[in-house]
Amino acid sequence: APDNPDAAIEKLASADTRIVSLTITEGGYNIDDHSGAFDSSNTEITHDLEHPGSPSSVFGVVIEALSRRKQRGLPPFTLMSCDNLPHNGDVARQAFLSYAKLREVELADWIAEQVSFPNSMVDRITPMTQPEHRQSLHQQHGIDDGWPVVCEPFIQWVLEDDFCNGRPEWEQVGVQLTNDVAPYEKMKIRLLNASHSAMAYLGCLAGYSYTDQVMADKRCAQFIRDFMDLDVTPGIQQELDNVAGIDLEAYKDTLIIRFSNSQIGDQLQRLCMDGSSKIPKFLIPTVTAAIAAGQNLDRIALILAGWMLYLKGDNRPGHQPAIQDPMADRLKSAVEDESQWVTRFLSIEEIFGPQLKQSRTFNQALKSALRLLKENGALGAIASVLTDSDSTGVERQKAIS
């Protein structure tokens with residue numbers, strides 16, 4: 001599409017194309033996480049609305065293709081989001097319809113009536129391609145590929161069965177078709193993705209580079225398991241207990257094994273990227289649920305404190321990479337002044353919403369976590385919030401029950 005937008009549009013507009021899948025990252029939908037509003041002031045959106053025939057954004061390309069199908073009397077395609085965000089199909093529907101309404105109301109009405117936007121949950125850890133991946137592929141198979149995709153053995157794809165123009169028989173190859181994806185995506189996002197963010201920032205502060213290095217440290221491994229058992233599980237277990245195909249304890253056991261896989265080489269820097277898009281979806285729901293339930297806040301506060309120090313550049317051994325985040329400048333500005341950094345940080349409502357900054361309990365927990373990290377380093381801070389080994393099972397069982 002960047003090299004030849006019209007060729008991409010024509011491919012999408014072809015009658016042979018029945019499903020268009022999207023993987024444009026959590027922050028790629030141009031939707032405010034809290035207000036749900038579409039950002040029409042975005043420069044790419046402004047350009048595409050003025051030049052609909054030569055678009056540069058995913059919204060412009062897809063809507064122009066749907067416009068051509070409508071003009072040619074062709075049925076529309078299904079627009080299938082595969083991104084890691086709650087209700088991704090609903091978010092896609094909101095974003096693309098918002099853009100379409102700005103362009104042409106009649107076209108937007110046709111899309112709203114004709115196009116399917118199924119929700120989906122894709123679970124497979126896929127690290128960034130490294131030079132050694134290309135070298136290995138060449139040495140083992142004689143194939144020169146500029147961008148081979150490396151992934152773990154585990155795979156799960158849960159998909160809402162809502163397609164306006166047919167679909168392959170994916171259920172024959174292990175895809176789980178359902179009427180409600182929400183429980184599956186909640187389990188994955190709050191356990192896998194939130195744990196990824198936890199080990200990313202705290203792991204980087206501890207001097208680690210890969211997830212398996214973090215999990216090889218017994219303190220970090222227990223911290224991640226405690227976070228899943230004591231912080232996340234109480235807020236989701238009742239909802240997930242009777243859902244077909246979900247075994248919460250088995251899934252958590254599997255995550256520990258997957259995170260520890262040394263063959264994957266999953267970089268912490270990949271997981272550190274785009275925190276402003278990930279944290280609101282992966283971690284904040286657990287934070288708000290824990291506050292409401294009066295749970296211990298030490299671990300989840302330490303995760304956010306780790307993100308703050310990562311943004312600030314403190315306690316990070318070795319090379320300090322650039323922060324890769326669409327809100328990087330604003331985030332770094334919020335953590336500059338330590339005398340008011342908790343207040344300023346939690347005041348970013350696009351990430352934390354309007355309520356979190358008003359919780360005195362969480363404000364105090366975050367201040368304490370920052371102090372722990374500053375005084376003891378990441379590994380010392382992690383060790384100080386671990387459950388006692390003798391009481392871990394009792395505390396877990398108490399939290400779960």
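Points worth noting:
- Charge dipole (debye, nearest 20) of the range 181-286; +1 at Cβ of Lys and Arg, -1 at Cβ of Asp and Glu: 280
- Among Thr23, Leu372, Ile45 - extreme Cα towards positive end, dipole of the chain, charges at beta-carbon: Leu372
- Shape call, the range 160-279: gyration tensor on alpha carbons, a/c limit 1.5: prolate
- A simple charge model with +1 on the Cβ of Lys and Arg, -1 on the Cβ of Asp and Glu and nothing else charged puts the dipole of the chain at about 800 debye relative to its Cα centre.
- Shape class for the chain, computed from the alpha carbon gyration tensor (a ≥ b ≥ c): prolate, with a/c not under 1.5 and a/b above b/c.
- Angle between the chain longest axis and helix 105-114 axis [Cα atoms, degrees, rounded to 10]: 80
- Cross-link pairs beyond the 28 Å C-alpha cut-off, checked among Lys252/Lys374; Lys218/Lys357; Lys186/Lys374; Lys11/Lys188; Lys278/Lys374: Lys252/Lys374; Lys218/Lys357; Lys186/Lys374; Lys11/Lys188
- At R0 = 45 Å, FRET efficiency that the Cβ-Cβ distance of Glu375 and Arg134 yields, to 0.05: 0.55
- Rounded to the nearest 20 debye, the dipole magnitude of the range 131-226 is 520 debye, with +1 charges on Lys and Arg beta carbons, -1 on Asp and Glu beta carbons, and the Cα centre as origin.
- Shape category assigned to the range 13-95 from the gyration tensor of Cα positions, a/c cut at 1.5: oblate
- Ordering Leu248, Ala216, Ala182 by the projection of their Cα atoms onto the charge dipole of the chain, which places +1 on the Cβ of Lys and Arg and -1 on the Cβ of Asp and Glu, puts Ala216 at the extreme positive end.
- Taking Cα atoms only, the orientation of helix 58-71 departs from the longest principal axis of the chain by about 30 degrees.
- Expressed as a whole percent, the accessible surface of the chain that belongs to carbon and sulfur atoms is 47, based on a 1.4 Å probe.
- Take each peptide in 203-211, 10-18, 339-347, 301-309, count the other Cβ atoms within 10 Å of every residue, and average; sorted highest first, the result is 301-309, 203-211, 339-347, 10-18.
- Farthest positive-ward along the chain dipole, Cα basis, beta-carbon charges - from Phe96, Asn84, Leu304: Leu304
- Taking every protein chain into account, the accessible area of the chain amounts to 46 square angstrom per residue (probe 1.4 Å).
The values are calculated or read from the model by the stated rules, or taken from the named source; none is laboratory data. Note that the structure is predicted; figures quoted are calculated from it, not measured. Positions of Cβ are generated from backbone atoms using ideal geometry, with glycine treated the same way; all protein chains shown enter the neighbour counts. In case anyone asks, the SASA skips ligands and DNA or RNA and just uses the protein heavy atoms, side chains included. Shrake-Rupley method; radii C 1.70, N 1.55, O 1.52, S 1.80 Å.
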